[in-house]
Amino acid sequence: VAARTDRIALGTSSVVLPLRHPIHVAKSAASVDRLSDGRLVLGVASGDRDPEYAAFGVDRGERGAAFREHVEAIRSIWRESFPEIAGEWGELDGELDVLPKPATGSIPVLPTGNARQSTEWIADNGDGWLFYHLPEDTLRSYLDRWRELAGDAPFVIAVRVALADDPDAGPEHRHLGYRAGVEWFREYFRRLAEYGLDHAIVGLDAADEPEHALTRFADEVIAEL
């Protein structure tokens, strides 16, 4: 994708940090960032599927602390040459560097959901906040609190979209989104922008071919916003 595009952001949503070694994450992310000339956005999470922790030998109850430790380690690896850092994951003692470094010195890190952290921690340590789909009143309250703590840092939600054949069809709730006509979705995304939402990640839930659904959404919804 990096080789075939020039301007779009490339993102993860999301890397479950407690189940992955921070050196591997830092190196892999920096490699993609270099290949894309600095276009990577790294969504990160603490995870929520209980059987996975035992499979990796990770204490589920400590995943919040592990998440914080890994974020700190990854940033240090990106920022420093021959870093001296240590944690439950291992140690870099200043004799070994991790290459490449990100194209612009760092990569935007967006915690996903609460990641078992306080909103204050996310505001202080994230470059934005990636959240699941929220009801509109709940979204507005989250945005108000986020602006108090994080200022202009971006707030992002993921929305699942299914386009009805009837352009005037009203919304039907789906998991993490709606099925509705294009007219409703145009107004819906306009409202989200008015609330102060910075970005929406749209997942197309289509009965027809995904490429056709993407073209239709772009032509009938995005182009009219």
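The values are calculated or read from the model by the stated rules, or taken from the named source; none is laboratory data. Every value quoted in this text rests on a predicted model; they were computed, and no experiment measured them. In this analysis, Cβ positions are derived from the backbone assuming ideal geometry, glycine residues included, and neighbour counts consider all displayed protein chains. All accessible areas refer to the heavy atoms of the entire protein, side chains included, with ligands and DNA or RNA removed. Shrake-Rupley method; radii C 1.70, N 1.55, O 1.52, S 1.80 Å.
Okay, residues lined up against (1) open to solvent by 40 Å² or more (accessible area, probe 1.4 Å); (2) of a type in the set (Lys, Arg):
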| site | (1), (2) |
| --- | --- |
| GLY128 | no, no |
| TYR142 | yes, no |
| ASP152 | yes, no |
| ARG160 | yes, yes |
| GLY177 | no, no |
| ARG190 | yes, yes |
| TYR195 | yes, no |
| LEU204 | yes, no |
For SER76, indicate whether it is closer than 26 Å to PHE131 by Cβ, assigned to a helix (DSSP H, G or I), of a type in the set (S, T, N, Q) and at pLDDT 95 or above. no
With respect to ALA29, determine if the residue is touching a strand residue (DSSP E or B) at 6+ places or on another chain (Cβ under 7 Å), closer than 29 Å to GLU88 by Cβ and open to solvent by less than 60 Å² (accessible area, probe 1.4 Å). yes
Checklist (1) open to solvent by 70 Å² or more (accessible area, probe 1.4 Å); (2) in a loop (DSSP other than H, G, I, E, B); (3) out of contact with any Gly (no Cβ under 6 Å at 6 or more places or on another chain) applied to GLY38, failing item: (1)
Check GLU88, GLU62, GLU52 and return the single one that is closer than 26 Å to ARG160 by Cα and surrounded by fewer than 18 Cβ atoms within 10 Å (Cβ to Cβ). GLU52
